[in-house]
Amino acid sequence: MNRDFDFNRVGKRMPYTVPEDFFAKLEDDVCRKVTSRRRMSVKDRRSFMRVAVATLATAAAAVMLFFVIYGTFKATAPVEYADVEQAFGNLTAEDQMYMLSVYQDDIFINE
C-alpha cells in the first residue's frame with residue numbers, strides 16, 4: 001500500500017450526476033401514483049378472499065389441533081387409594097369376586 005496517499009488531494013467530486021429537475025419530478029410522480037391508486041377488480045377481490053379464507057381455515061385447524069393434543073396429554077390427578085377402596089366397596093359381592101379373580105394374576109398389581 002502506498003504510504004504517501006493523502007485524502008486531502010482527492011477532492012470533493014461527486015461521481016454520480018442526476019438531471020436538473022430530477023427531484024422535483026420524483027416528488028410529483030410519487031404524489032400522482034399515491035393519489036391514483038386503482039381499485040381492486042372483482043377478480044382480484046375473489047382471489048384475495050380465497051387466500052384469506054384458506055389462511056383463516058388453516059389457523060383455525062391448527063388451534064383446534066393444539067387443543068385436541070393438549071386435552072389428550074393433559075396430566076391427570078393421582079388416584080387416592082381411599083377412592084379406589086370406596087369404589088370397590090360400592091360393587092356387588094359378585095362383581096367384587098369377578099374383579100378379584102380377573103386381576104389376581106396381574107403383574108402390575110401384584111408387584
Legend entry - Label corresponding to Rg/Rh (Cα atoms, Kirkwood Rh) when calculated from the structure given, among (1) 1.07; (2) 1.59; (3) 0.95: (2)
Inset, instruction - Add +1 for every Lys or Arg and -1 for every Asp or Glu among the other residues with Cβ under 15 Å from the Cβ of F22, and state the total. - result: -4
Legend entry - Charge dipole (the range 12-111, unit charges on Cβ, about Cα centre) - positive-most of A61, M49, V30: V30
Legend entry - Nearest 10 degrees, 0 to 90: helix 42-72 Cα axis against the chain principal axis: 40 degrees
Legend entry - Over the chain: helical MRE at 222 nm, DSSP H runs n ≥ 4 each giving -39500 (n - 2.57), nearest 500: -19000 deg cm²/dmol
Inset, instruction - Express the carbon and sulfur contribution to the solvent-accessible surface of the chain as a percent, rounded to the nearest whole number, probe 1.4 angstrom. - result: 62 percent
Legend entry - Cut-off of 10 Å, at most 16 other beta carbons, DSSP loop: longest stretch of the chain lacking such chymotrypsin sites (Phe, Trp or Tyr not before Pro): 17-72
Inset, instruction - Taking the chain as the reference, fit the longest principal axis to its C-alpha atoms, fit the long axis of helix 93-102 to the helix C-alpha atoms, and give the angle between the two in degrees, 0 to 90, nearest 10. - result: 60 degrees
Legend entry - Surface accessible to a 1.4 Å probe, T76 within the full protein complex, Å²: 120 Å²
Inset, instruction - For the chain, find the longest principal axis of its Cα atoms and tell me its angle to the long axis of helix 22-35, 0 to 90°, nearest 10. - result: 40 degrees
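The values are calculated or read from the model by the stated rules, or taken from the named source; none is laboratory data. Bear in mind that the values here come from a model prediction, so they are computed numbers and not experimental data. No Cβ is skipped: glycine too gets one built from the backbone with ideal geometry, and neighbour counts run over all protein chains shown. To get the accessible areas, we keep the full protein, side chains included, count just its heavy atoms, and leave off ligands, DNA and RNA. Shrake-Rupley method; radii C 1.70, N 1.55, O 1.52, S 1.80 Å.
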